[in-house]
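Heads up: the structure comes next, in structure tokens.
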Amino acid sequence: MTDIPGYALLGQVQTPADLRRLSPDQLPSLALEMRRYLIETLGRIGGHFAANLGTVELSIALHYVLNAPHDRVVWDVGHQAYPHKMLTGRRARLETIRRLGGLAPFCQRSESTFDTFGAGHSSTSLSAAAGMAAAVKLRGEQRRVIAVIGDGGLTAGLAFEALNHIGHLGLDLLVILNDNDMSISENVGALRDHSARLVKKLGLNAPHLARPPRDEGYNEAHLDQPGALFQTLGFQYHGPMDGHDLPALLRELDRLKDARGPQLLHLITHKGKGFEPAENDPIKYHGVTQFDPVTGTLPPKREERAPSYTRIFGGWLCDAAEKYPELIGITPAMREGSGLVEFARRFPQRYFDVGIAEQHSVTLAAGMACEGLRPVVAIYSTFLQRAYDQLIHDVAVQNLPVLFALDRGGLVGADGATHHGAFDFSYLRCIPNLVVMAPSDENECRRMLSTGLVLRRPSAVRYPRGSGTGVEILHDLETIPVGKARVVREARGRRTPRVAILAFGAMVTPALEAAEILDAAVVDMRFVKPLDTVMILEMANEADLLVTVEDNVKLGGAGSAVNEALLAQHHTVPVLNLGLPDVFIEHGTREELLAQCGLDAAGIQRAIQKRLRSKDLDDHSLENTQRRRL
């Protein structure tokens, strides 16, 4: 027990066992304290906010009724699991969440036995819980399995695959649908529209009422069996009910905890519950920096040194849409994060938010390309991993002109291992027909996007999270020659051995800083595929050491591509490959993580200087000097 001034009940609760010592009558007061603690703490440090305010009562009810971790509770999209963390021994460390060395931003098995399954990406909970329930059945164990899915997670195909299989197997599993009408943006889809009609008919207080669906041709008789879809899949359907009515929620969970077969409990909740600014604008308060915990006022935005790459993409998309009426913008539930807000406002008929359905977004784009449209899929690098087969089978094999705008390439910072775009160079460059580009500044980003849009083949432009370099933005739609790099710094010949740095994307900036000290030549490679092999060989012939720098894993990445090109030409220049190590990198600021991986200017300089001290390089430098004299 730990006393916390102003938190009489919360101070008594470190674990679910402590929680169960409270009487049911005390739990609504505990919910108020937990919500206030979240508001005050996240007001100071920032983090995922609105979704967690909506799961306070549910977290209390689950840990009060069940015996976790013996009973398995699987959370979907772990950004709604802060209250769960608070009740399972981590409340005192909440101030460290998403910081270097602090609590993970999502559920993480290595952090707590109560985190039964890691949850960074959405829609995994049902499949994971099905696996656990199947294991329980095979072993003849007495334990309950519960999956909590929400925040748009039920829009993904993976969730429906799991529902279909769970119903077929008849597993003893309780699925709790935390229906708050939101992902990060507003939730979309026919299932969402059904919920909106249902809560209206039942007179429930629900966020869905603010966005009534189109009712032309809708058969109202469908509402007489609200859970028909789930019942068809073999589930017993319960609800919908108010997910913030804690006494009722306790009763319902107690009733269902030992029910046999697949069960689905449909809860209606409010994202941002209990904090009016967040209830009124759950998108704005989905993830926050600091804010005033009384008024909700966010700090004034710092004057931008340069616009973000996300903003550059959003501006380019609108400019390109004006010129090309066949341009289509597609996003899997990331309108705000991917910079499509203005495009959606100005070109609503050409904007498609498919929900958290990355596979569908890619094949939808492929179908549009077949009909002569110019689809642009705006997607985070980490989320394109979820649609890899569609990228290959549906787009690349057919050589369809789909442009992928890959945001959050490289290290993203506080969201950690599940969200870093650490693998895209590796998983993209091995695909035939695909052009892969990485811009070093804002104008390069615009030009690469314009280049990809007019190619009659698939292409990807991969750019980082955060601000550009501050160059003056040129609002044209100029293209660049495919597969052509550019020299951005010539060596001045002050030092030997001679060094040439081949930098990819955002790594051009720190490479230039390091080069000023080392007097190295720097090439902005621009293309991961096709590589500018002429430039590579030219630099290899002039340099005593060739250095590749990328914010992608070294294994199979851009540096590996350079190595392959040199090997094919039987070139023996020494090469130093700098990139991300063969580990999953945890959370921290982007700057902290880049420094940790040796990919800031100082780290690049150190690595090159260390390599320059090696004996084999001295021998190669001498041979190179003699060859130049000849």
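With a sphere of radius 11 Å drawn around the Cβ of Ser450, what net charge do the other residues whose Cβ falls strictly inside it have (Lys, Arg +1; Asp, Glu -1)?
Counting the neighbours of Ser450, the net charge comes to -1.
Given the peptides 241-250, 6-15, 313-322, 457-466, arrange them by the average over their residues of other C-beta atoms within 10 Å, most packed first. Intermediate results must be reported in sequence, preceding the final value.
Details: 241-250: 18.7, 6-15: 17.1, 313-322: 20.2, 457-466: 25.4.
By packing density, highest mean first, the sequence is 457-466, 313-322, 241-250, 6-15.
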If you average the alpha carbon positions of the stretch 55-134 and of the stretch 401-451, how far apart do those two centres end up, in angstrom? 31 Å
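Using packing as a proxy for protection, rank 516-523, 596-603, 409-416 so that the peptide with the highest average count of other Cβ atoms within 10 Å comes first. Could you put the intermediate results ahead of the total?
Details: 516-523: 20.9, 596-603: 18.2, 409-416: 24.9.
Per-residue Cβ counts within 10 Å, averaged per peptide and sorted highest first, yield 409-416, 516-523, 596-603.
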Among Lys301/Lys554; Lys271/Lys301; Lys271/Lys323, which pairs are too far apart, with a Cα-Cα distance over 27 Å? Lys301/Lys554; Lys271/Lys323
Structure-derived P(r) over Cα pairs in 20 Å bins from 0, in percent - corresponding label in [x] 13, 22, 18, 17, 18, 9, 3, 1, 0, 0; [y] 19, 54, 26, 1; [z] 18, 47, 28, 6, 0: [z]
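What dipole magnitude, in Debye to the nearest 20, does the stretch 256-351 give about its Cα centre under +1 on Lys/Arg Cβ and -1 on Asp/Glu Cβ?
On the way: 14 positive and 12 negative charges, 46 e Å.
Roughly 220 debye for the stretch 256-351.
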For Lys273, list the lysines whose Cα falls under 19 Å from its own Cα; do not include residues on the same chain fewer than 8 positions away. Lys85, Lys284
The chain - percent relative contact order, Cα under 8 Å, separation 6 or more: 11 percent
5 Å is the cut-off here: which amide hydrogens, built 1.01 Å from N in the peptide plane, fall below it relative to Asp551, excluding neighbours closer than 5 in sequence? Met507
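If a/c stays under 1.5 just call it rounded; otherwise compare a/b with b/c (prolate if a/b is bigger, oblate if not). Do that for the stretch 455-613, with a ≥ b ≥ c from the square roots of the Cα gyration tensor eigenvalues.
Values: a/c = 1.32, a/b = 1.08, b/c = 1.22.
Since a/c stays below 1.5, the shape of the stretch 455-613 is classed as rounded.
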How large is ³J(HN,Hα) for each residue in the stretch 237-249, as worked out from phi by the Karplus curve 6.51 cos²θ - 1.76 cosθ + 1.60 (θ = phi - 60°), to whole Hz, x for Gly and Pro? 9, 10, x, x, 9, 5, x, 9, 7, 4, x, 5, 5
Report the Cα centroid-to-centroid distance between the stretch 278-351 and the stretch 150-177 in angstrom, as an integer. 31 Å
Candidate aspartates and glutamates for bridging to Lys137, where Cα separation is under 12 Å - those fewer than 8 sequence places away on the same chain excluded: Asp172
Residue by residue through the stretch 567-574, what is 3J(HN,Hα) from phi via Karplus (6.51 cos²θ - 1.76 cosθ + 1.60, θ = phi - 60°)? Round to whole Hz and write x for glycine and proline. 4, 4, 9, 6, 8, 10, 4, x
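Provide the FRET efficiency to the nearest 0.05 for the Asp254-Val397 pair, computing r from the beta carbons and using R0 = 60 Å.
0.70
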Per residue of the stretch 159-172, in order, report the coupling 6.51 cos²θ - 1.76 cosθ + 1.60 (Karplus, θ = phi - 60°) as ³J(HN,Hα) in whole Hz, putting x for Gly and Pro. 5, 6, 4, 5, 4, 4, 6, 4, x, 5, 7, x, 5, 7
For the stretch 16-85, run through the trypsin sites (Lys or Arg not before Pro) and keep only the ones in DSSP coil with at most 12 other Cβ atoms within 10 Å of their Cβ. Arg21
Note down the magnitude of the dipole of the chain about its Cα centre, charges +1 on Lys and Arg C-beta and -1 on Asp and Glu C-beta and zero elsewhere, to the nearest 20 debye. 840 debye
Counting pairs of alpha carbon atoms under 8 Å apart in space and at least six apart in sequence, what relative contact order in percent does the stretch 195-311 give? 18 percent
List the residues, sorted by chain then number, that are 5 or more residues from Ala417 or on another chain and whose placed amide H is less than 5 Å from its amide H. His587
Only loop residues by DSSP count here, and only those with at most 13 other Cβ atoms within 10 Å; note down the trypsin sites (Lys or Arg not before Pro) in the stretch 86-160 that meet that. Arg109
Let's see if you can work this out: charge +1 on each Lys and Arg Cβ, -1 on each Asp and Glu Cβ, no other charges. What is the dipole magnitude of the stretch 62-115 about its Cα centre, in debye to the nearest 20? 200 debye
Using amide H atoms built 1.01 Å from N in the peptide plane, name the residues 5+ places from Val528, or on other chains, whose amide H lies under 5 Å from its own. Val436, Met437, Ala438
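With an 8 Å cut-off on Cα pairs and a minimum separation of 6 or more residues, tell me the relative contact order of the stretch 1-130 in percent. Walk me through the numbers on the way to the answer.
Working: 163 pairs, mean separation 30.3, N = 130.
It comes to 23 percent, rounded to a whole number.
Just so you know, all these numbers are worked out from the coordinates, no wet-lab data involved. Keep in mind the model is a prediction, meaning the values are calculated, not measured. Backbone-built Cβ (ideal geometry, glycine too); neighbour counts: all protein chains shown.
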